[in-house]
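The values are calculated or read from the model by the stated rules, or taken from the named source; none is laboratory data. These figures come from a predicted structure and were not determined experimentally. All Cβ positions, glycine included, derive from the backbone under ideal geometry; neighbour counts span all protein chains shown. Note: areas computed on protein heavy atoms with side chains; ligands, DNA, RNA excluded. Shrake-Rupley method; radii C 1.70, N 1.55, O 1.52, S 1.80 Å.
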Amino acid sequence: MPVAPQRKLSAASAPTAVGARGVPATGTAPGAWSGAGSRQGFGATERGDAWWFKPVLQAAGLIVLIGYANYAAFLGAAHYRYLENGRDYLSPFYSPYIHPAWLPVWLSPALLILVFPLGFRATCYYYRKAYYRSFFADPIACAVGEPRQAYCGEVKFPFLLQNLHRYFLYAALVFLVILWIDVVKAFIFSAPALAAAAPAVTSALGLHAAREAASGGHYLAIGGGSLAILFSTGMLTLYTLSCHSLRHLVGGKLDCFSCAAAGGPRHKTWSIVTVLNGHHMAWAWWSLFAVCFADFLVRMCSIGVIHDPTLATFRHLLEMPNRSLSLLR
Amino acid sequence: MNAGATGREVVLRVYRGDANGGEEVAYTVPVETGMVVLDAIHWIQAHRAPDLAVRWNCKAAKCGSCSAEVNGKPALMCKSRLDHFPEGQPITVRPMKTFPIVRDLVTDVKWNYEINKRIAPFQPRANAEWRWQQSDIDRVQEFRKCIECFLCQDVCHVLRSHELKHQFAGPRFLVRIAGLEMHPIDGADRVPFLKDTAGIGLCNITKCCTEVCPEGITITDNAIIPLKERVVDRYYDPVQRVWRAITGAKDGT
Amino acid sequence: MEKFEAHEHDVIVIGAGGAGLRAAIEASAMGCSVGLVCKSLLGKAHTVMAEGGIAAALAHVDPQDGWQTHFQDTMKGGSFLNHWRMAQIHAQEAPDRVRELEQCGALFDRTPDGRILQRAFGGHTWKRLAHVGDRTGLEMIRTLQDRGVHQGLDVYMECTITRLFTDGGRIAGALAYWRETGRFVVFRCKAVVIVTGGVGKAYRVTSNSWEYTGDGQALAYDVGAELIDMEFLQFHPTGMVWPPGVMGLLVTEGVRGEGGILRNAQGERFMWKYLPEARRHEYAADEAEARRWLDAVVEGRQTDARRPPELSTRDNVARAIYTEVKEGRGTPHGGASLDISYMPAERVKKKLPSMYHQFMELADVDITQTPMEVGPTTHYMMGGIRVDPDTGAATVPGLFAAGEASAGLHGANRLGGNSLSDLVVFGRRAGAGAASYARALAATPHIADDAIEAETRDVLAPFERTSGESPYGVHQALQECMDTFVGIFRVAGDLERALGTLETLKQRARDVRIEGSRMYNPGWHLARDLRNMLTVSEAITRAALLRTESRGAHSRLDHPGLDPALGRVNMCVTKDGEAMKVAPTPLPEMPAELKALFDAGAAGTAAAPAAAAPATAAAGKAS
Ligand SMILES: Cc1cc2nc3c(=O)[nH]c(=O)nc-3n(C[C@H](O)[C@H](O)[C@H](O)COP(=O)(O)OP(=O)(O)OC[C@H]3O[C@@H](n4cnc5c(N)ncnc54)[C@H](O)[C@@H]3O)c2cc1C
Ligand code: SF4
Ligand code: SF4
Ligand code: FES
Ligand code: FES
């Protein structure tokens, strides 16, 4: 009478062999334990809420900002820098500015460097989520049917390259240093420019400014563009320092902080990055927006559409001789 | 029982059926104050359909038994308040779609237990000292909050839509592996397993698992991505590979 | 007769909670083939819901602690009705079992010097509860579960045992059905370990789940085992009372430990009125002193202030709330108000995270702003299968038991945290006991085919009937009866009425009719469980009738005092033909060296029902 036992959960068994060519294998037979979900067509769901709203909004946001970035980088090379009125504003898309002699005129210098920030964002864990959802519909929203059955996640080329994210992070950290130098430069105005830019102010400042202008000195000042560039780099910094790979590298890779060498400081650093990382998505959007905004402002100033306002000057606080400044410039 | 009667009624459209098919059946249920979907299901059992199949235990979001899809979203029925749904509209309750249906709201989740068995168990490092700081385990304690409701497995598109149970272990078990890998004195190495058996590369970090986890475990950011980074350390980071080849060092230091 | 699946194991463990897993792991480590059977999915047993912690005299936080004090606390808590040997083994072995959990991968909260942290709890003299936030049970069951599956246990989940079989008085096996398919399974084995937990589902207001239908107690009773202490059912003082859907859901003792104040509808802090005279000196004399105690707890320093009256023992607080409500001073939904909102919101959220969310999500109450409404809820069965303290052997050869299903450790009242330690200490011993027994037995006993057939017919009978009511109605009537007549306060008249009602309910349960198929049919499952609930309900009622005194969790309005003579006996329930027999059996005598502990401490006598705790002890969070 007894029939074969079927349903018991028996003792642990070794996993079966790895699947072919790097495809993982859990040891489950293909097609076993299948549920109703795999038979649902694209968009099929019982969800009654506006599940499509977020992916559409996200797609729109990405298209607009990336579209602008492309325009700025490839077509807008003429107005990437604003060097008038004592200012030196550099669009973050063009920093660090490298323009070798061999570069044909029709090619934007941004191309040389943009591969790094672009790669950084393209392999960023957050942006991956965003474009997998909004552009690949993989999935378009949670518990909603998908357009394709075939799927290989990130185990095959080109998506396998996502694993190189940390190298883009290293580049991004180097870029950050350069971008911060740009910020400093955006706050240092040259004196003759002041005289030219704001005659009213000059006359109010009187002799002192005139003397300074004559000496060609530099001084601290805040213009609209300076703030935009500060904002852009600030956001980029938060975005970069909240990177998942960084979180791993500074301490996440440890199993036991208190047992590791320099475990205390590493735990501290890891904790700080962890807090920032909690808002990584926010920094991703804000930084993208801020970079575009800074570029936009520089561009508009350069074209002459916008007149960059001077918000404050601190000529008494910092008067720099040309020499020290030339190191920066 | 009538103390909390509100005089209102709600229509529940409950999936009734088994492997051979089924359909949603509408039941009108009197609403009590603070009622959750599971209460309504129990009311239906007691008054309309004694054979309505459903799993539950604690009724307090602690055991992870009552997983289902309420209005299309994977959720615990004992945590889904009726008054949080738009009034006057029917509420659909369906079984999880990633697993084979047994009957009505009950699905066969044994696959999860099969996968769990394949994960190398906790293995203390030789002559480890059984002392560590709270700060060493805060991270792991988050993972150990898991109540095995399998809602994350249900919502994960790799399992749900692409039906890759033969290639991917699912978020629940990545969480579990994270809990073991980051245990301060565990010495077993599950990194090859992660890549070749658990299929961590198939996760495209789209975070649906995190969205549905009733325990609020930040599955993707805190468990999966850190594990992906460990897999990168081992397999995809050329500099580290060279470094290890030269120094003979292990990763994770 | 239909075809059925059959499995043979040395040991069958019925129940996969903390006790079941620990027993199975032990038996399997001793080389036995073990089958672990449970009604729910693996890892969903009641143990998963335990919050507060596991009691063990590790002495990490309070170095004064030791097994002797733990032993004394347990005995005092149980009004000296505990089996002294169980209390001794428990206190001595709990620390090793906790360390063992850690060695299996459990991650307890840590002290600053990196050891297992311990928190204070009602009735425990020192800070003693190892814990993981407010989810200790989850940590424990997950740890054991993972250990178990890697050790080669065969797990049969969603498989309900309906009967044990014997062969010449020895255990021979069991019959079960798969809940999923409704098909039968026969287990042939040499030994059975019953670790099925409690009986709370016989009551309407309970913190227990559908699984707690007294299956193990009834299964054992049916094959002739003795049940003792069935009258001692713990009512936890603080369960939710509103909204109706969550009535009975536990509000952890930790709320009071963190300073929760109980008030009636008139705003009176009533607990002072209810402190037993003999123990009044252990509690704060007034609001000011209670506040000083609390401030010291918050700041984590020692104080000479005594604890607030809310931290009286569970039985006492439950009776107090019940009385206030009964006398018309209850809150709108029939409870007392438990107020923690005067404490800083941040602290409440940090110390009681799951309570905060539980009330926020299920009752729309922000406990940092408004008081909670609470009332007693059926929580824990102190009584159960009588076992040998060292081996867990029941009075039937081949039958073993541990955990909530067994009796003896807790006596008349259980201290918080003593259950989780009970599970691992006696789970391990019962597993070892069963394994030794099974190994000594040459051949697996035989199960007669007609016994199997008779049982399958019986289980399927409700499908055959063409008329009859649904089991849900009978279950409701049973809960009504037990809530009303066999609740916190009992009187002879009520108990007798309950016995009458139970008789008619038994008949109704025999006649229920089930519709639908055998596949995952909860109505059918309930029909089976009803039989067990009725058996244990009758045992509770009969034992309660016989115990004409008030002791621990058992309060008789018609016998409000302690009866020293009854303090020397356990009420023992056995099956006598078809009838239930209850008779007092003598309590084992404590050896002199253990008795001396109490004389030396002079903290309590056999007549002192409640546990002592010094002013510094604070109940930690959770139950
Ligand atoms: C809300 C709550 C909070 C608690 N908090 C604490 C605390 O902080 N500290 C503490 O020490 N204690 C606490 N307790 C008590 C403690 O959790 C339980 O007493 C303990 O978990 C019981 O464990 P067990 O192993 O005996 O049974 P359980 O864990 O309940 O397991 C019973 C098992 O038996 C199985 N079973 C039952 N009947 C059958 C059958 N017929 N066939 C097959 N299988 C069957 C079930 O499926 C289950 O697997 C709490 C209890 C509750 C309800
Ligand atoms: S984040 Fe990864 S594991 Fe989680 S649902 Fe998405 S694909 Fe699945
Ligand atoms: S990780 Fe969260 S969603 Fe997944 S099984 Fe655990 S508790 Fe459920
Ligand atoms: S993860 Fe987004 S930048 Fe690294
Ligand atoms: S019943 Fe336990 S999680 Fe819902």
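Here is how the numbers come out for the structure above:
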| read-out | value |
| --- | --- |
| Qualifying position, being surrounded by fewer than 19 Cβ atoms within 10 Å (Cβ to Cβ) and closer than 23 Å to residue C:74 by Cβ, among C:508, C:568, C:497 | C:568 |
| Selection count where residues are basic (Lys, Arg) and either over 18 Å from residue C:151 (Cα atoms) or over 20 Å from the mean Cα position of the chain (by Cα) (or both), scope the stretch C:1-30 | 1 |
| Whichever residue in the stretch B:206-253 is on the phi > 0 side of the Ramachandran plot and away from ligand 3 (no atom under 15 Å from the Cβ) and, among such residues, is surrounded by the fewest Cβ atoms within 10 Å (Cβ to Cβ) | B:248 |
| One residue from C:473, C:433, C:416, C:468 being of a type in the set (Gly, Ala, Ser) and in contact with a His (Cβ under 9 Å, 6 or more places away or on another chain) | C:416 |
| Extreme residue, nearest to residue C:347 (Cα to Cα), among residues of the stretch C:277-296 that are open to solvent by less than 70 Å² (accessible area, probe 1.4 Å) and free of Cβ contacts under 8 Å to residues at least 12 places away in the same chain | C:295 |
| Selection count, the stretch C:109-151, where residues are over 16 Å from residue B:140 (Cα atoms) and among the β-branched types (Val, Ile, Thr) | 4 |
| The stretch C:529-555: number of residues that are surrounded by fewer than 22 Cβ atoms within 10 Å (Cβ to Cβ), of a type in the set (Lys, Arg) and more than 22 Å from residue C:395 (Cβ to Cβ) | 0 |
| Count of the stretch B:122-157 residues which are open to solvent by less than 30 Å² (accessible area, probe 1.4 Å), within 21 Å of residue C:115 (Cα to Cα) and more than 10 Å from ligand 3 (Cβ to nearest atom) | 7 |
| Set B:145, B:110: member being facing another protein chain (nearest Cβ under 7 Å), within 16 Å of ligand 5 (Cβ to nearest atom) and either β-branched (Val, Ile, Thr) or within 26 Å of residue B:54 (Cα to Cα) (or both) | B:145 |
| Test set (1) open to solvent by less than 60 Å² (accessible area, probe 1.4 Å); (2) within 16 Å of ligand 5 (Cβ to nearest atom) - residue C:247 fails condition number | (1) |
| Hits in the stretch B:188-211 - residues which are more than 7 Å from ligand 2 (Cβ to nearest atom), in a helix (DSSP H, G or I) and of a type outside the set (A, V, I, L, M, F, W, C) | B:192, B:195, B:196, B:201, B:211 |
| Residue count for the stretch B:33-51, restricted to those that are under 13 Å from residue B:104 (Cβ atoms) and facing chain C (nearest Cβ under 7 Å) | 3 |
| Criterion (over 15 Å from residue A:233 (Cα atoms) and either surrounded by 17 or more Cβ atoms within 10 Å (Cβ to Cβ) or in contact with an Asp or Glu (Cβ under 7 Å, 6 or more places away or on another chain) (or both)) met by exactly one of A:166, A:148 | A:166 |
| Residue C:169, sole failed condition from (1) open to solvent by 20 Å² or more (accessible area, probe 1.4 Å); (2) more than 14 Å from every other protein chain (Cβ to nearest Cβ); (3) under 27 Å from residue C:518 (Cβ atoms) | (3) |
| Residue list for the stretch C:459-472, restricted to those being in a helix (DSSP H, G or I), touching a residue at least 12 places away in the same chain (Cβ under 8 Å) and open to solvent by 40 Å² or more (accessible area, probe 1.4 Å) | C:463 |
| Where residue C:302 falls short, out of the listed (1) touching a strand residue (DSSP E or B) at 6+ places or on another chain (Cβ under 9 Å); (2) closer than 30 Å to residue C:421 by Cα | (1) |
| Subset of the stretch B:45-64 (residues that are within 16 Å of ligand 3 (Cβ to nearest atom), over 17 Å from residue C:520 (Cα atoms) and of a type in the set (Lys, Arg)) | B:62 |
| Hits in the stretch C:43-75 - residues which are open to solvent by 10 Å² or more (accessible area, probe 1.4 Å), more than 12 Å from ligand 1 (Cβ to nearest atom) and either acidic (Asp, Glu) or in contact (Cβ under 8 Å) with a residue 40 or more places away in the chain (or both) | C:57, C:58, C:59, C:60, C:61, C:62, C:64, C:65, C:68, C:69, C:72 |
| Residue in the stretch A:219-236 that is modelled with pLDDT of 95 or more, within 26 Å of the chain's Cα centre (by Cα) and under 20 Å from residue A:129 (Cβ atoms) present | yes |
| Residues being over 28 Å from the mean Cα position of the chain (by Cα) and assigned to a helix (DSSP H, G or I) - total across the stretch C:281-310 | 14 |
| Cross-chain or 6+ apart pairs with Cβ under 6 Å, the stretch B:130-158 first and at positive phi, then of a type outside the set (Val, Ile, Thr) and within 16 Å of ligand 1 (Cβ to nearest atom) | B:148/B:64; B:148/C:43 |
| Test: residue in the stretch B:224-234 that is within 19 Å of residue B:154 (Cβ to Cβ), modelled with pLDDT of 95 or more and either outside any loop (DSSP other than H, G, I, E, B) or under 15 Å from the mean Cα position of the chain (by Cα) (or both) | yes |
| Inter-residue pairs, beta-carbon under 9 Å, first facing chain A (nearest Cβ under 8 Å) and at pLDDT below 95 and in the stretch B:76-105, second open to solvent by 10 Å² or more (accessible area, probe 1.4 Å) and not in a loop (DSSP other than H, G, I, E, B), 6+ apart | B:89/B:10; B:89/B:11 |
| Condition broken by residue B:71, with the remaining ones in (1) polar (S, T, N, Q); (2) within 16 Å of ligand 3 (Cβ to nearest atom); (3) more than 30 Å from residue C:150 (Cα to Cα) satisfied | (2) |
| Subset of the stretch C:172-210 that is basic (Lys, Arg) and within 11 Å of another protein chain (Cβ to nearest Cβ) - its residue that is surrounded by the most Cβ atoms within 10 Å (Cβ to Cβ) | C:179 |
| Selection within the stretch A:254-297 - within 14 Å of chain B (Cβ to nearest Cβ) and among the polar types (S, T, N, Q) | A:258, A:269, A:271, A:274, A:277 |
